[in-house]
Amino acid sequence: MNERFPVIPDQASALARDVDMLYLFLIGVSAFFLILIGALIIWFVFRFRRTSDTDRPAEIHGHTKLEIVWTVIPLVLVLIMFVWGAVLFFKQFRPPADAMEILVTGKQWMWKMQHPSGRWEINELHVPVGRPVKLTLTSEDVIHSFYVPAFRTKMDAVPGRYTTVWFEPTRTGSYHLFCAEYCGAEHSLMKGWIHVLPAEEYDDWAARIDPDLAELTPLEAGERLFTEMGCMACHNPASGALGPNVVGLYMSEVRLDDGRTVIADEDYIRQSIVEPMAKIVEGYQPIMPTYRGQLDESQLMQIITYIKSLE
Ligand code: CUA
């Protein structure tokens, strides 16, 4: 594609070609009918124009075959669009189990990312080529949207909940990262770069931890916070716990005291930390204090990473 006027962005992820094929199909079908209908209108204007005052066309009273044809053809076309789009959608939002997880927090007006190795980045994200990468996103303030055109990937970062998306970069290089949701005065400056490195180069890069910052991996940081914030006091399975056990909690079924059953996903665990009264586990007292304001979103993600690791 033309460098100075890229009509279609680089195709740098495993999904990019699939998305483009669907897009071209949609454009193709739309263009075909636009031209067909436009041409017929113009032709009919001339072909059936009024030629004299007494000139009357014959009345038409329905035509079953025609009705069937112009119902079935569009139906088949939109069903193709639906199935094709749905298959692609599921593919895009179901990360493979072996995907590397990167935690992403949006805030006015920057992107903050943490790698499994512990390394932090702001407005730049290094990823390895040929490996699936899963992003878990949230926001400190308002809705942002993580958009990488070259990967055909866009996902909102929503305050108070987690969203995920994944991609597999297929080409090394640097690609634009944008915020695609209007989020305030400096929305247009909330952008950065995705750097796709050869896999070994990424491993070296990720292992280079700044000794001054003594960066911990999300798991280590979460474990430390779990102790420092006093979670241990009530959720330590060894000490006859006051609070529900967190070992094996992740993705398990939890019975609440109002009889409901919920799945303990990331959103549930997060809500239980910042809004403990919202869902009381059956058989426990509503005594947990809220940790709202005491932990930022990155720290919440780290604690959840730690709880997810307890099996
Ligand atoms: Cu963040 Cu727009």
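A short reminder: the numbers here are calculations on the coordinates, not readings from a lab. Quick caveat: nothing in here was measured; it's all calculated off a predicted structure. Using ideal geometry, Cβ is built from the backbone for each residue, glycine included, and neighbour counts are taken over all protein chains shown.
Does the range 104-124 hold any residues that are away from the ligand (no atom under 14 Å from the Cβ) and either among the small types (Gly, Ala, Ser) or in a loop (DSSP other than H, G, I, E, B) (or both), and which are they? Once the filter is applied, which keeps residues that are away from the ligand (no atom under 14 Å from the Cβ) and either among the small types (Gly, Ala, Ser) or in a loop (DSSP other than H, G, I, E, B) (or both), the range 104-124 yields His115, Pro116, Ser117, Gly118, Arg119. Scanning the range 282-303 for residues that are in contact with a strand residue (DSSP E or B) (Cβ under 9 Å, 6 or more places away or on another chain) and either part of a helix (DSSP H, G or I) or buried (at least 17 other Cβ atoms within 10 Å of the Cβ) (or both) returns Glu297, Ser298, Leu300, Met301, Gln302. The single condition from (1) surrounded by fewer than 16 Cβ atoms within 10 Å (Cβ to Cβ); (2) within 16 Å of the ligand (Cβ to nearest atom) that Ala207 fails is (2).
Restricting the search to the range 254-264, which residues are free of Cβ contacts under 8 Å to residues at least 24 places away in the same chain and exposed (fewer than 14 other Cβ atoms within 10 Å of the Cβ)? Of everything in the range 254-264, those that are free of Cβ contacts under 8 Å to residues at least 24 places away in the same chain and exposed (fewer than 14 other Cβ atoms within 10 Å of the Cβ) turn out to be Asp258, Gly259, Arg260, Thr261, Ile263.
Within the range 125-173, which residues are assigned to a strand (DSSP E or B), within 16 Å of the ligand (Cβ to nearest atom) and surrounded by fewer than 17 Cβ atoms within 10 Å (Cβ to Cβ)? Matches in the range 125-173: Lys154, Pro159.
Conditions tested, residue by residue: (1) farther than 30 Å from Phe151 by Cβ; (2) not in a helix (DSSP H, G or I).
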position	(1), (2)
Pro9	no, yes
Arg17	no, no
Tyr23	no, no
Val29	no, no
Ile41	yes, no
Thr54	yes, yes
Pro57	yes, yes
Leu66	yes, no
Leu75	yes, no
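Condition check ((1) under 12 Å from the mean Cα position of the chain (by Cα); (2) hydrophobic (A, V, I, L, M, F, W, C)) across all residues:
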site: Ala150; (1), (2): no, yes
site: Thr153; (1), (2): yes, no
site: Tyr162; (1), (2): yes, no
site: Thr170; (1), (2): no, no
site: His176; (1), (2): no, no
site: His187; (1), (2): no, no
site: His195; (1), (2): no, no
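For the range 175-200, residues that are out of contact with any strand residue (DSSP E or B) (no Cβ under 7 Å at 6 or more places or on another chain) and within 11 Å of the ligand (Cβ to nearest atom) total 6.
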